[in-house]
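Okay, so here's the structure we're looking at.
The values are calculated or read from the model by the stated rules, or taken from the named source; none is laboratory data. None of these values were measured; they are calculated from a predicted model. Here the Cβ positions follow ideal geometry from the backbone for every residue, glycine too, while neighbour counts run over all protein chains shown.
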Amino acid sequence: MKKFIFLAAFCALLNAAEITPQCQRDDAKDVVVCSDKKLGNLMWQDGAKIAEATFEQAKDYCENLNFAGYAGWRLPNKAEILSIADKSKYEPAIKREFKYIAGVGASYWSGDKFEGDKNRAWIVVFKRGGDNWSELDKQNFVRCVRDAQISQASQNTPSNNNSANLHNDSKVETPSLAKSEAAPAARVAPPSNEAMYRDDSKSVVIDSVYKLMWQDGADIFEGDWDEAERYCENLNFAGYLGWRLPNKLELLSIADDSMVIYKSFKYIGKDEYEDEAYWSSTKNSNSSSIAWVVVFEGDDGYWDDISGRRFVRCVRQY
């Protein structure tokens with residue numbers, strides 16, 4: 001049995017090695033489009049925010065992703081994720097068209113489970129561009145992919161705009177984390193200093209990657225979950241309406257890997273235990289009486305009864 005698994009894996013690797021897609025990056029949308037006879041045309045997520053999640057969370061994250069104006073994302077299979085590795089490079093061994101990677105030795109999920117053990121799935125390690133396996137409950141990084149339709153005109157006609165005619169799919173208006181609540185435990189790396197900045201005159205912080213405006217005033221609301229939701233929905237702050245309670249993924253995006261809130265934020269609430277605990281809009285799928293709380297200066301957070309009192313930081317699209 002072990003010999004069979006080894007041979008199957010070895011053959012799969014040989015097949016993947018024959019795949020050499022031609023790739024092009026669209027800087028305006030932070031996507032890379034790769035074309036190959038075997039794999040077809042694939043559009044790859046390549047933004048500054050990089051999710052980290054378990055296998056099931058990674059699948060949900062991709063399936064609910066709204067990025068670069070597109071839906072229809074999914075977790076890539078093993079052959080697809082291996083196709084963007086470049087074994088002629090080292091730390092990271094990834095094709096040059098990709099701008100963002102979680103780290104030189106970062107491991108990324110594939111959607112294929114391990115042949116001999118369904119509690120494991122294949123990953124690609126971009127230190128050398130090779131594959132390995134990981135237990136499903138472990139945290140690995142996520143790079144989503146979607147099928148791209150490239151028009152004949154774009155294949156035959158040069159263009160000065162990298163994004164022109166790369167696809168003819170239906171578009172939605174704005175990249176957003178708001179539809180990612182199906183994967184509430186997925187982590188997202190914070191944007192760069194240039195991508196997130198504070199407007200002191202309005203006491204708001206702007207995330208230019210996901211087009212979010214964050215409330216950051218000295219007066220910090222504290223209440224139960226229902227009060228928090230109503231507070232945001234009725235908020236008129238800095239001259240703006242349209243505020244809402246952020247989901248877990250959005251709240252996690254404003255903290256670094258140590259769960260320290262991004263330095264652009266000036267104000268943060270602390271309770272009697274010095275906890276910086278904030279409500280998210282993400283409720284437990286098994287119980288509507290429980291919602292996720294994000295704890296800054298701590299860890300990702302925990303499920304809590306919605307009758308508890310926690311701090312609130314509202315968000316809106318801008």
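Look at region 214-239: where a residue is of a type in the set (A, V, I, L, M) and a partner is outside any loop (DSSP other than H, G, I, E, B), sitting 6+ places away or on another chain with Cβ atoms under 6 Å, you get Ile220/Phe311; Ala228/Trp279; Ala238/Val204.
I'd like to check something: does region 89-102 contain any residue that is out of contact with any Phe, Trp or Tyr (no Cβ under 7 Å at 6 or more places or on another chain) and closer than 24 Å to Asp300 by Cα? The answer is yes, given that some residue of region 89-102 is out of contact with any Phe, Trp or Tyr (no Cβ under 7 Å at 6 or more places or on another chain) and closer than 24 Å to Asp300 by Cα. Of Lys87, Lys49, all but one fail to be farther than 26 Å from Leu251 by Cα and assigned to a loop (DSSP other than H, G, I, E, B); the exception is Lys87. Inspection of region 299-311 identifies no residue that is at pLDDT below 95 and in contact with a Pro (Cβ under 9 Å, 6 or more places away or on another chain). Take the residues of region 23-56 that are more than 20 Å from Gly103 (Cα to Cα) and crowded, with 22+ Cβ neighbours inside 10 Å: which is farthest from the chain's Cα centre (by Cα)? Top of the filtered list is Cys34.
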